[in-house]
Every structure is written in C-alpha cells, then in structure tokens.
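S.K.: Okay, here's the structure, questions in a sec.
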Amino acid sequence: MRQERTIVNKIDWIVIAIYFTLIILGWLNIYAAVYDEEMQVGIFDLSLNSGKQLIWIGTSMVIILVIMTVDFRFYDSFAYIIYGVVIFLLIAVLFVGTKVAGSTSWFSIGGFRVQPSEFAKFATALALAKYMSKVNYKLSKFNDLFITACIIAVPPVLIVIQGDTGTALVFGGFVIVLYREGLNPAVIVIGLTAIALFVLTLIFPQTTLIIAVIALGALIILFGKKKWKRVLTIVAGILIVIGVIWSVDYFVNDILKPHQQNRIKALINPEADPLGYGWNVTQSKIAIGSGGLLGKGYLQGTQTKFDFVPEQSTDFIFCTLGEEQGWIGTTSVIFLFVFLMIRLVRIAERQKEKFARVYGYSVASIIFIHFLVNVGMTIGLFPVIGIPLPLFSYGGSSLWAFTVLIFILLKIDAHRMQVLVR
Amino acid sequence: MEDNRKYFIQFTFIIVGLIYCIKLFQIQFLDDTYGPAAEDNILRKIRDYSYRGIIYDRNGELLVHNDPVFDLMVIPKEAGVKDTAKFCAQLGIEKEEFILRMNEVREYDIFQPSVFMKMLSIEDFAKFQDFLVDYPGFYPQVRSLRGYEHESLANALGYVGEISKTRLERDTTGEYKQGDYIGISGVELEYEKELKGQNGIKYKMVNVRGVVKGSFKNGRRDTISLPGENLTATVDLELQQYGEWLMEGLAGGLVAIEPETGEILSLISSPSYSPGFLSGRLFSKNFAQLTLDSLKPLFNRAIMSVYPPGSTFKPLQALIALQEGVITPKEQIYCSGALVGDHAPPGYYDVYKAIQKSSNNYFYIVFKRIINRNRSENTFVDSRLGLEKWNEYLYRFGLGRPLGIDIPNEKGGQIPSPQLYNGIYGENRWKWSTINSISIGQGEILTSPLQMANYSAAIANRGYFYTPHIIKEIGASGKPKEEYLKKHLLGIDTAHFRSVIDAMDAVVNAPGGTGFRAAIPGITVCGKTGTSQNPHGEDHSVFIAFAPKENPKIAISVYVQNAGQGARAAASIAGLMIEKYLTKEIKKIWIEDYVKRGHFIY
C-alpha cells in the first residue's frame, strides 16, 4: 500500500495527461478517417479501426498496470535478456512471419498481428542504456563505441531484411542519445553534410553539381592563402565530395528499388507526376491544406474518408486532423508532441542514474524521429516513409510499444529517489 | 559543454515544431489552392441537360422532337478495360481510335468525366449496355438530339449542333459549355434562347474510385434543369410536303402566306435536304457533303435568293401610279409598242388591260409619269426626285430591305435608289430613259420570293401586311414575337386595289390569260405571271397569286430558276399549292402531271 501511494505521488502526471490526450485524440481521428455516413456504424464498432483501437487502448491500460507493478530494477537487470528475446523474434519473423504490404514483419496470432520491430525500439533503448551505464564507459574508446553501434545497428539491419525500411530508419534517432552522451559533433556534422549532398545530388544533375563543387573549390583556393598544405586539403575535399556525388547517384539509380527511388523523387518534386509517385504527397497536402484555419469540422472531412489519402488511419492520420480541425488542430497537436518530448528530456535529465537518463533520451528521440518523419511526410517536407504518428495512428503494436516505452521511463522516474548514484 | 547539449536538443525539438507549424500555416491558411483541389477531387459535376423545346406545325403536327442518344462517358482514373479488343468490337471502333481517345481524355482531366464516344443511337447503345458492367469508369449520359418524322422544311428549321469555339468565346451568358448543343441556323438559331431551356448541375461527392457518396452539402448548390419552350410554327406540314414534292428536281423558292396574319404557310427552298441528315453523329460528314453540293441545298432560296421580279412587278407600279394620281383606273393610254419590245399588241390600254395583257409599253409610260412630275426644270433632278418618292412606296411594300422574318440571314434584295444610279452613272447623269427597264421589274431591282409573297399578301389585304413569320406561338404565351402583331400600311388607298385585283383575276381566269394554269374550279385565284430575265441562262419563271379573290386565305409567290415563262412552271405550282391548301385535294391532275414532267422550256 505504501509503495502504491508513493507511485501515485511521484509519477509524472504531466506526461500521463499528454499520453491520454494524444491516444484519445488519435482514437477520435481514426474514427473520422474511416467514418462513412451511409454505413451508420458507430465509433465503438469492432469492424472499424476505431473500435479495434479501443481494444488496443484497453490492453495498453493492462500493460501500464503491469509495468507499474513490476519492480523498477527489473528493466535494468533484464535489459540484455529483453534485447536478446526481441532479436530472436526479429530473426524468427523472417521465417514464420506474415507478409503485409511487402514487409515480412508480422506474427499472426489468431486474428491479430504483432510486429516485433515495434518492440525492438524499447528493447534497444534498454540495452543501450544498460551498456552505456557500465563502469568506465567512454564513447571515445573504440571498443565501447563499436559495441554501442552494434547494439543500435543490429535490429534495424534485421528490420531492413524484413523489408520495412521505414521502421529501421527510426533507429537513427539514437544518434541524438549518443550526442547527449558526448559523441563528437563532427560525426553528426559529417552525417548531415552527407545527407545535404545526397539531396542536392537528387535535385541537380550530376555534372552541374560537380562543376559547381570544383568552381567553389577553385574560388576558395584563389582567394585564400596559397599554401601547399591548404590547397592539397581542399583538393582532397573536392575529390571526396565528387566521390560522394557519384556514389549517391549510383546508390539511387542502381541500388534503390524503383518504389524507393520514387518516394525520394516525390519529395523533391511531387507535381512532376501527381498521379504516380507524387500521389500520396499531393493528396495528403490537399487534405490538410483544404482544412484551412479552423477545419471542416469533426467527421466533415472528405479527402481522407473518400480514400484520396492512402493509409488514412495509420501513417496519414495527420491528414484527417488537418482537414477536419484545420491549422488550430494541427498546431495544437504539434504543441502537445513538442511539449511531451521536452518533458521527456527534462525527466531524463533529472535522473541520477545514467541508465535512466540514456533510456529517457532514447524515448524522447524515438518519439521525435516518428514525429519528424510522419508529420513531415504529410506536409511534403519528408519522403513518404511508412511509420506511424506515436499514440495517434491506428495500430496495436505501435500503441503497445510506445506505451511500454513511455511507462517504463515513468516507472523508473517515479523511483529515482530510491537509487544511489554509482 | 554537455549541459549545452541538452538545451540544444530541446531547442531542436522546438524548432522542428515551429517549422511544421509555419509550413502548415502556409498550406492551410496562405495557400488557397488546396480547397478547390479538394473539391475537384470529390465533386463530380453531373450536368442535367435541359429538354430542348419541340416545334409543332400550325395543325399540331410534330415538326421537331427530341430523340434520346447516349454519350458514353469515361472517368479516366477509374477506367478499366481488361480486353481492349473485345471492348472495341462491342463498340464498333478501331483499337487505334480507342488508344487515341483514352490518351486524349486522360490528358484533359483524369478525375472528371469526359465524353468517350458521342451520340450513340439508342439501338447502338442497347447493344453495348449489357457489357457496360465489365468496364468500370464508363457510364452513359443521356442527351437529346433533334429528331424528325418527316423530311421537310430543313432550311427553315435549321439545325442544332455542338457549339463552336468562336461561338463559345462570344457567349456572355456563361450558360454554354464545350460540347453543348446549340441552334446553328434557321428557327433553331433564331429561337435558341426560347428553345434551349436551362441546364442544371448536380454536385455529387465521389470517393477515389468514383463511387458516388451522396450529394454535396445536401444539394444546396444543385440547380435543376428547366425545359425549353415549345414553339408552334405557322407552317402547314402537309402543304409544305406537297410543295416540296412539286419542286423536286427544280431549283427555286416558294413562299405561301396567310395574308390577314402574315403567317407563313409554306416556305420552300429547292433543292433541299432531309433535316435528319444534319442531326447526329454523322453531322460533320453530312454537313461537308451539303457544303460541297453544287446545287447549294443549304442555301435557303426562299429568303436568300434575289432576282428581278419581272412582270409580277406591274401591279405594284399600277398601285403607285394610281395613288400618285398620274393615271386613273379608266384612263386609256395609247401604246404604240415603240418604247420597248412587247407581247401585248399596240392599242389603247387602261390599268386592267395593261396588267392582264402584261403590257410593257403601258408601264414604261406610267413609270415615266411617276418619275417625271416636273418638280424641277432639270430633267435629271426631276428624275431623282421622282425616284425618291417611288422608293418610299417600295420600302412600304417591304422591298429593298429584309422584312424581318424569324429566320436568320434573310436577304433584303435591292431597290434602285438615286444613290445607286449616282454610283453607276454619276450624279445628274441619269434620267427616266436611263433607268426605264425597272418600269417592268427588270434591271437593278431585286426581290426575294419572301418579299414577293408578302407583296402579294399586301395586295390581297388591299393595303396592309403583317411581317411574315414562321413561329406563331412561343411557349405558354400563345403569341408570336411582338413585332409580328404590328400592322404595316402600304399608304395606298383601298379603292385603288379594285382595278388591279380585277386585272389579276383576269390574268388567271379570263380567256387567254397568262396565268390560266393557276386557275382552280370554284375559287377565284388572282395572280400575275412574270419572267425574270437572266443573263446567265434561261429566264426564271415567276408567279405571284392570292385566293380567294374576296377574303383571301393564301398569298403565294413561286420562283423557279431557268424554267422560262412564269405562265408555265411557277403559275402551275402556285395554282396547285392554292388548291391543295384551300380544298385539300387536287382536281387538276393534268397540271400536277405537267409540273412533275418538268419540261417548261419549249
């Protein structure tokens, strides 16, 4: 009894409030996305995604209770075991999984399907936190960095093999955690430069870009000090950049599958083929844009309901919100997400234990990547990558996984006064 | 340093949130193209085509009705044809045509329906209908085409066709869209506004697969179509058909008018075509064929061809002379036959005899009296003043200008005015002797069959006419256009008509009268023959008439090209038409045979 009262007193009610606000808003929007006036089917009907989502919400409550009951030290102690089990499941799903929309990432159990890759997120976060909190851990040590990289990289590699590149990309979010824990920013700067070059390569013809780079380098040499060492460095830099441009071109045209190429092309110029690869982005923007400032009103949207927007209750749920609730609605939800992520960072920062802090940052980062990519793709700022909007999109695995992710943190956080700094 | 990182991370979260809010503000608030794009996605405008008014003849017979045809529509986004060859076979088109058409409509608008194939007849469509279910994205749209149960009156009725680009650009009402049908000529054009009605638009919401999901905003934006007004024509279809039959193989025009109302009983242009020929899918092809025809079947001779009226002009000259007081009815004028060649022998002539015998010399003298009234010392000036006065009379008879019939492109003909002669000879360089051929309706004077029929009706009425018109009732009003209810006076006293009409009676009924072929047992037909000189070939045969003499019910003018004397082709046809109209049967079979034999030059 005493412990429960402690939990109630110590738990972070702000995160819980945002959590419930988002799942309820999500649930209402899922109904709006699949609503059909002529069908006369209510929000609770199990034939609709909204009815099913209510089951996922209900089971999430059970998960929350379980997490709250289990000893907070369990997650620390069992981190590797959980990680191991998930890796096993990720491998197993390759052999016994069900193929859905081109990805073999689902276990079918009865009428329901479970996606182990969703749980890989929290398992990786736990393992990462566990490993980084070991004694004498230093990111600058090659061994530590290598193993850290492996912990982060193994699940997404398996997930890519399953054919679900989108979910794999989410693991890129762990870079934020590493950054917080002292990763050299140069690594991140180089990474971002590579991405920028990648995008530029897609926008401009290869030759134009190479000429531009050489011209830029020549200008720097001409107007700078003409020392041999400097000139050589610049020339080497130019050659590397040209190499990157070539390899990106090769990567996009020869390695990426056509549908992946198209998604990148659609991001850069969706109008080029509005009915082909630009369809999703064009329709998504039409749905959101037509909502205006105040929206068309709940259940009054047309674009998502009439299937112009694909995947309207899962990946493109933000369109329903944008169309029916307008800019007021979208901005409010964005505010909620940003508020949630900052709150999670604050929680992470107030941990005495490194394990809890790394885990907290992992939670915030994973939510951030989902938010960044999901909302970004619906408004044309990101390529279409099929990952859900946390807590909002329809989907049991996703909701469960985020519930687990968040509530483990809340559980650990509630007990933060009980731990001694190692 | 690592402390800064936690702030930097939070800062990044906020910046991303802000960027998204700004981008959303841009697409949701600043950019106003998405709203219409969304409507374009879900709205399917379904045109509710109005029902074009139909046209009856004066006895309630259908002249023009509507035939349903089917436009095969396609929504390119949803179009699914698995077996193109089968589809083409069922529709009776070539595969190349299918591919070409699909590409066209796809390029035009992939979401909105376009016409895939126009104007399938009800029979053709019935054959295809059973297969329609196999082809998603295709659906029929009912349109109506003009249909005719007879082959008559094509020139007057005109035709309906797809609106042209130029017409669409000139349209300021905004009521027409590409592909709409519009009256292009004849009554269809003249009464377009009344006939067309109002198209409606129904807005339906559809999902991405084109399945209709209900009306848009509960149909608040929908408009329903209003049918056009029905018209009743003045034409007697039976008489029209009879006249067209008589004119078969001949070139010319015929107009019959009910004198007391100006209603056109028959308006014939020969050769013509069957009105159904220009309705339907083959319109372009058929139209081209008619355009290339050397006999110009599209040319409405009854109102568009003008020619010298010849001797049929003489009663008019007589009436002017009487009104001007330059002759009296009983005045005997000696005609030596020296002024001009003449069929009438030398001797004394009064008005009656001059018209009956068609004396050229008499009318030369009379016209000289009309022109030269000694209003001026200068004979040139005097001639000009006289001609001006004479012009006024002719204008009052409806000559020299379009009468204003309710069929477009009526020609006004020509009456020689001082300006015209000044142009030819120079000012004060012409006098009566220069222009005297117009005394007997030759030379520079040009009239249309319609004008001649109207002139004949005006004589029948003893001094007035109503503008000839072909539509007597517009919709529920039961009235023609207002201008057709206005009486036009000739400015000639009723008394002056007696001797002229008596003479016209004699032309037909007196022994040896030139118009004898127009005579009908038991009915007094009054007429005047004419032979219109034609420098290009045989003269044109002309005849005007009205009957009965008292209380006339029909006035007519007949003009047959290159058929020689008016006494033959024109008079025969006029007589038969009058007989047909007044008695409903033809007793003078031999005249009918004579006309159908068609040998008028001998």
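No lab work stands behind these numbers, since they all come straight from the coordinates. Just so it is clear, the model here is predicted, and its values are computed rather than measured. Counting neighbours? That spans all protein chains shown, and the Cβs are built from the backbone with ideal geometry, glycine included.
S.K.: Can you tally the net charge around A:Ile16? Count Lys and Arg as +1, Asp and Glu as -1, for every other residue whose Cβ sits under 14 Å from the Cβ of A:Ile16.
M.R.: Every neighbour counted, the sum reads +1.
S.K.: Hey, rough spin-label estimate for A:Leu46 and B:Trp245, points 7 angstrom out along Cα→Cβ, what's it come to in nanometres?
M.R.: The answer from the label model is 8.2 nm.
S.K.: Could you work out how much longer the chain between A:Thr21 and A:Trp228 gets when fully extended? Use 0.36 nm per residue separation minus the Cα distance between them, nm to one decimal.
M.R.: Separation in residues times 0.36 nm, less the Cα-Cα distance, equals 68.3 nm.
S.K.: Can I ask one more? Pick out, in residue order, every one of the GluC sites (Glu not before Pro) in the range B:142-179 that is DSSP loop and has at most 14 other C-beta atoms within 10 Å; say none if there are none.
M.R.: B:Glu149, B:Glu151, B:Glu175
S.K.: Could you line up B:Tyr421, B:Tyr49 from fewest to most neighbouring Cβ atoms inside 10 Å?
M.R.: B:Tyr49, B:Tyr421
S.K.: For B:Ala476 paired with A:Gln206, estimate the spin-label separation in nm (one decimal), with each label point 7 Å from Cα along the Cα-to-Cβ line.
M.R.: Result: 7.7 nm between the two label points.
S.K.: Per residue, what volume in Å³ does the Cα convex hull of the range B:44-233 take up?
M.R.: 146 Å³
S.K.: A further question on this structure: With chain A treated as a Gaussian network of Cα nodes joined by springs under 10 Å, which of A:Glu324, A:Glu37, A:Glu353 yields the largest mean-square fluctuation?
M.R.: Evaluated over chain A, the most mobile residue of the options is A:Glu37.
S.K.: Per-residue ellipticity at 222 nm for chain B, helices alone: DSSP H runs ≥ 4 residues times -39500 (n - 2.57), over residue total, nearest 500 deg cm²/dmol?
M.R.: Only helices count here, giving -10500 deg cm²/dmol.
S.K.: Still on this structure, please answer the following. By count of other Cβ within 10 Å, fewest leading, how are A:Ser290, B:Ser164 ordered?
M.R.: Arranged by neighbour count, lowest to highest, A:Ser290, B:Ser164 become B:Ser164, A:Ser290.
S.K.: Can you work out the Karplus-derived ³J(HN,Hα) for every residue in the range A:64-74? Use 6.51 cos²θ - 1.76 cosθ + 1.60 with θ = phi - 60°, whole Hz, and x for glycine or proline.
M.R.: Result, ordered by residue: 4, 4, 4, 4, 5, 7, 4, 4, 5, 7, 3 Hz.
S.K.: Reported to two decimal places, what Rg/Rh ratio describes the range A:194-255 when computed on Cα atoms with Rh from the Kirkwood expression?
M.R.: Reported Rg/Rh (Cα atoms, Kirkwood Rh): 1.05.
S.K.: So which residue, out of A:Asp76, A:Asp249, A:Asp164, gets the largest mean-square fluctuation from a GNM of chain A using Cα contacts under 10 Å as springs?
M.R.: Comparing A:Asp76, A:Asp249, A:Asp164 in the GNM, the peak value goes to A:Asp249.
S.K.: Which FRET efficiency value, to the nearest 0.05, is calculated for B:Gln289 and A:Leu293 with the Förster distance at 51 angstrom and r the Cβ-Cβ distance?
M.R.: Step by step, r from the Cβ atoms, then E = 0.25.
S.K.: Express the C-alpha Rg of the protein assembly as shown as a ratio against the empirical globular expectation 2.2 N^0.38 Å, rounded to two decimals.
M.R.: 1.54
S.K.: Using r as the Cβ-Cβ distance of A:Val157 and B:Ala89, and R0 as 45 Å, what FRET efficiency do you calculate, to the nearest 0.05?
M.R.: For A:Val157 and B:Ala89, the calculated efficiency is 0.25.
S.K.: Under a GNM of chain A (C-alpha, springs under 10 Å), which listed residue has the highest mean-square fluctuation: A:Lys130, A:Lys138, A:Lys226?
M.R.: Comparing A:Lys130, A:Lys138, A:Lys226 in a Gaussian network model of chain A, the most mobile one is A:Lys226.
S.K.: To the nearest Å, what is the center-to-center distance of the range B:306-329 and the range B:13-57, using C-alpha atoms only?
M.R.: About 72 Å separates the Cα centre of the range B:306-329 from the one of the range B:13-57.
S.K.: Between B:Lys553 and B:Thr173, what FRET efficiency comes out of the Förster formula 1/(1 + (r/R0)^6) with R0 = 56 Å and r the beta carbon distance, rounded to 0.05?
M.R.: The calculated FRET efficiency here is 0.85.
S.K.: Count the net charge of all other residues whose Cβ sits under 12 Å from the Cβ of B:Tyr349, scoring Lys and Arg as +1 and Asp and Glu as -1.
M.R.: So the environment of B:Tyr349 carries a net charge of +1.
S.K.: Under a 5 Å amide H to amide H cut-off, with H placed in plane at 1.01 Å, what residues pair with B:Glu331 once short-range neighbours are removed?
M.R.: Close amide H contacts, sequence-distant or interchain: B:Val351.
S.K.: Along the range B:76-86, what does the Karplus equation 6.51 cos²θ - 1.76 cosθ + 1.60 (θ = phi - 60°) give for ³J(HN,Hα), rounded to whole Hz, x for Gly and Pro?
M.R.: x, 4, 9, 5, x, 10, 6, 10, 4, 4, 5
S.K.: When B:His536, B:His469, B:His65 are ordered from fewest to most other Cβ atoms inside 10 Å of their Cβ, what list results?
M.R.: B:His536, B:His65, B:His469
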